[in-house]
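Working notes, beginning with the structure itself.
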Amino acid sequence: MKTLIRRILARRYLLVAVAVAATPLFPFVTSALFVLETARRGLLGGMVSAAAGIAGVAIIGVIVGDAMPYLMMLAAVAMLAGVGMGALLRWSGTLALAFQGTVAICVVAALAASLAGPDPNVWLAPMIDRLVEAFRESGASQQDLTALAAGAPMLFRVIMATLLLQALGALLLGYWWVTLVRDTTGFGAAFRALRLGRVLGITAMVLLVLGMIPTITAVQDISPLIVFCFLFQGLAVVHAWAHARQWHPMLTSTAYILLIPPLMPLGVLGLSGIGLVDNIFDLRAPLSAPS
């Protein structure tokens, strides 16, 4: 992996080509490549590569025709987000601050989209219509179809949470590649130290409480996104205890097994709860205390 990443990074055209190829199916990989590119070459270097990547996707979009607007939007978001996170990582110098900055930007952007953006029932209508038609052809009941047709707000929340997961996944992957290129072993320690921090964490908890009020729909729209923010902190706590106490790898793997779709609600709530409690009581403090 280290050799492959170094070869890609050494040739800008190769990095751009790989990013363009990954964009349709794995946009988080595209973002991670630009996190690496920007962290190594700076904001200007990242922007130049992103411009070349967007141009490459535009050429492909002309060939595929109808999918061009979708590909262009996906490429611009993935590549520019990677450049932004790479610049944040380069400026802050630590994964923890880059993580907090990314979370803050995503939460503010989602809240702004919920407050001032277009009505989800309008811009998500074509997608909802296609889903309703697909379920109708599969033999779904009229009650299920009616519930699905009214599901634009829920779909909006899922999209916001998915964008956050893509962004944080790209940041972590890009930072891991940075440590590989630099021949350092700091990724594990940096991940185990992840936390939202007092200010961001308290703000997130307040928003979660406000999201329980039915009339505040804008905050309800970003509640799933905030839950996933605490999920990453919960995973960091689990890994910190596993590393300090030398737990068997199967115990750590259980946290990820709980994130498999059938068990996902239990896993997300459990890990997010750990992250939320850690934000109040610092569950990792005993690990650094003298024995």
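The values are calculated or read from the model by the stated rules, or taken from the named source; none is laboratory data. Keep in mind it's a predicted model, so treat the numbers as computed, not measured. Here the Cβ is made from the backbone with ideal geometry for all residues, glycine too, and neighbour counts use every protein chain on show. Surface areas here come from the heavy atoms of the whole protein model, side chains and all, with no ligands, DNA or RNA. Shrake-Rupley method; radii C 1.70, N 1.55, O 1.52, S 1.80 Å.
Out of curiosity, is Met264 among the hydrophobic types (A, V, I, L, M, F, W, C), within 18 Å of the chain's Cα centre (by Cα) and more than 26 Å from Ala98 (Cβ to Cβ)?
Working: among the hydrophobic types (A, V, I, L, M, F, W, C): yes; within 18 Å of the chain's Cα centre (by Cα): yes; more than 26 Å from Ala98 (Cβ to Cβ): yes.
So Met264 fits the description; yes.
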Selection from region 82-136 of residues touching a Phe, Trp or Tyr at 6+ places or on another chain (Cβ under 6 Å) and either open to solvent by 80 Å² or more (accessible area, probe 1.4 Å) or farther than 30 Å from Ser49 by Cα (or both) yields Pro120
Requiring at least 3 residues that are over 25 Å from Ala161 (Cα atoms) and of a type in the set (D, E, K, R), the helices (runs of 4 or more DSSP H) wholly within region 1-84 are 2-10, 27-64
Checked pairs for region 205-233, first closer than 19 Å to Val158 by Cβ, second among the charged types (D, E, K, R), C-beta under 6 Å and 6 or more apart or across chains, list as Asp221/Arg157; Pro224/Arg157
Of the residues in region 55-81 that are β-branched (Val, Ile, Thr) and open to solvent by 20 Å² or more (accessible area, probe 1.4 Å), the one that is modelled with the highest pLDDT is Val77
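Confirm whether Pro24 is open to solvent by 40 Å² or more (accessible area, probe 1.4 Å), modelled with pLDDT under 90 and within 19 Å of the chain's Cα centre (by Cα). It would help to see each step written out before you state the result.
Details: open to solvent by 40 Å² or more (accessible area, probe 1.4 Å): yes; modelled with pLDDT under 90: yes; within 19 Å of the chain's Cα centre (by Cα): yes.
Taking the combined requirement at face value, the residue satisfies it.
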For region 40-54, pairs from a residue that is under 14 Å from Ala78 (Cβ atoms) and surrounded by fewer than 16 Cβ atoms within 10 Å (Cβ to Cβ) to a residue that is modelled with pLDDT of 95 or more and among the aliphatic types (A, V, I, L, M), with Cβ under 9 Å and 6 or more apart or across chains, are Ala51/Met79
Wholly inside region 113-188, helices (runs of 4 or more DSSP H) that include 1 or more residues that are under 30 Å from Arg7 (Cα atoms) are 152-181
(request) Might you let me know whether region 146-162 holds any residue that is in contact with a Leu (Cβ under 8 Å, 6 or more places away or on another chain), among the charged types (D, E, K, R) and buried (at least 17 other Cβ atoms within 10 Å of the Cβ)? (result) yes
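Looking at region 246-258, which of the residues that are of a type outside the set (Ser, Thr, Tyr) and touching a residue at least 12 places away in the same chain (Cβ under 8 Å) is least open to solvent (accessible area, probe 1.4 Å)? Before the answer, list the steps.
Initial filter on region 246-258 (of a type outside the set (Ser, Thr, Tyr)): 246-251, 255, 257-258.
If we keep only those that are touching a residue at least 12 places away in the same chain (Cβ under 8 Å) too, we end up with 255, 258.
On the way: Ala255: 10, Leu258: 53 Å².
Only one residue fits best here, namely Ala255.
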A careful count of residues in region 189-206 that are modelled with pLDDT of 90 or more, assigned to a helix (DSSP H, G or I) and surrounded by fewer than 19 Cβ atoms within 10 Å (Cβ to Cβ) gives 7
